[in-house]
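A short worksheet on the structure shown next.
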Amino acid sequence: NIDISLLKGVVKTNNFTLEGYNGIYSFNLYSSLNQNYPFFKFNLEAKDIDLNRISDDSKLDYSFGGKLSFDMNFETSAFRIGQVVENGKAGLNIEIKDGYINNTPIQNKLNDFMVTNNLKDVFNRKIDFSNFSISFAQMANNFYIRNFNLNATDLNFNSYGKFSDEEGLEIPLNLNIRNENIIDRVPLEITGFLEAPCVKVKSKNKTESTCF
């Protein structure tokens, strides 16, 4: 349920309610249209969405779980359509706590990739993790990836990078794999574009990549 009003050139939300999967949701919209450069701003937030229930209801061949929280925001002032991005600032933060993934397509593809690099049984199993997070930020025509982290019992990484229309993704990532008391550190790099990212082992020699 949402209630939006327009009064004297100002658009805003008066009330917003949403229910589903035990989450807590909020949405706020504000726009001032009665000025030379109309201003627009919105914020969407959700906390503690139950991914276990979503996984159960989806009846997929793979499963996932945890508590998902995210927030999304955008604001801009624009006189022409082309200025919406140019003058804009946006952010998206995603976090999953106490989660797991099991037999997901991305796991299977990553596992095949790791096997070709002589690393077996890294992703082809249920992976429990205490925390996963990723943040996207946009300022004018610049795009950044921040707080790209995974903390699991025997897997972890911490990374950040950037994205541009010309160069695509540039995200160096050191994957730490714990096997008993031994830790293998695998230097990876994420390239390609947001709609089709690729992963390769970072090396002086040319290496094969896998794309999604």
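Looking at the structure I just gave you, is L6 in contact with a Phe, Trp or Tyr (Cβ under 6 Å, 6 or more places away or on another chain) and free of Cβ contacts under 8 Å to residues at least 60 places away in the same chain?
Criteria not met by L6.
For segment 60-83, taking the residues that are among the hydroxyl-bearing types (S, T, Y) and within 20 Å of S130 (Cβ to Cβ), the one that is surrounded by the fewest Cβ atoms within 10 Å (Cβ to Cβ) is identified as S63. Return the only residue of D98, D57 being at pLDDT 95 or above, more than 22 Å from the chain's Cα centre (by Cα) and surrounded by fewer than 16 Cβ atoms within 10 Å (Cβ to Cβ). From the options D98, D57, the qualifying one is D57. In this structure, I49 does not qualify as within 30 Å of T153 (Cβ to Cβ), hydrophobic (A, V, I, L, M, F, W, C), at pLDDT 95 or above and over 17 Å from the mean Cα position of the chain (by Cα).
When restricted to residues that are of a type in the set (K, R) and without any contact (Cβ under 8 Å) to a residue 24 or more places away in the chain, segment 114-126 contains 2.
Scan segment 24-39 residue by residue and report those that are surrounded by 14 or more Cβ atoms within 10 Å (Cβ to Cβ) and in contact (Cβ under 8 Å) with a residue 40 or more places away in the chain. I'd like the intermediate steps shown before the answer.
At the first step, the residues of segment 24-39 found to be surrounded by 14 or more Cβ atoms within 10 Å (Cβ to Cβ) are 25-27, 29-32, 38-39.
Correct list: P38 only.
Looking at F129, F143, which is the one that is surrounded by 14 or more Cβ atoms within 10 Å (Cβ to Cβ), assigned to a strand (DSSP E or B) and in contact (Cβ under 8 Å) with a residue 24 or more places away in the chain? Just a single option satisfies the conditions, and that option is F129.
The set of residues from segment 45-72 being farther than 12 Å from I96 by Cβ and in contact with a Leu (Cβ under 6 Å, 6 or more places away or on another chain) comprises just one member, M72.
Show me the strands (runs of 3 or more DSSP E) entirely contained within segment 165-212 in which 1 or more residues are closer than 16 Å to F143 by Cβ and open to solvent by 60 Å² or more (accessible area, probe 1.4 Å). It would help to see each step written out before you state the result.
Numbers: elements: 168-179, 182-193, 196-201, 209-211.
Result: 168-179, 182-193.
Which members of segment 63-86 meet the condition of being touching a helix residue (DSSP H, G or I) at 6+ places or on another chain (Cβ under 9 Å) and either under 30 Å from N52 (Cβ atoms) or in contact (Cβ under 8 Å) with a residue 40 or more places away in the chain (or both)? The answer is S63, F64, G65, G66, K67, L68, S77, A78. Among the criteria (1) within 15 Å of the chain's Cα centre (by Cα); (2) among the charged types (D, E, K, R); (3) modelled with pLDDT of 90 or more, the one R185 does not fulfil is (1).
The values are calculated or read from the model by the stated rules, or taken from the named source; none is laboratory data. All of these numbers come straight from a predicted model, not from anything done at the bench. Here Cβ is always computed from backbone atoms with ideal geometry, including for glycine, and neighbour counts include all displayed protein chains. SASA here: full protein model, heavy atoms, side chains in, ligands and nucleic acids out. Shrake-Rupley method; radii C 1.70, N 1.55, O 1.52, S 1.80 Å.
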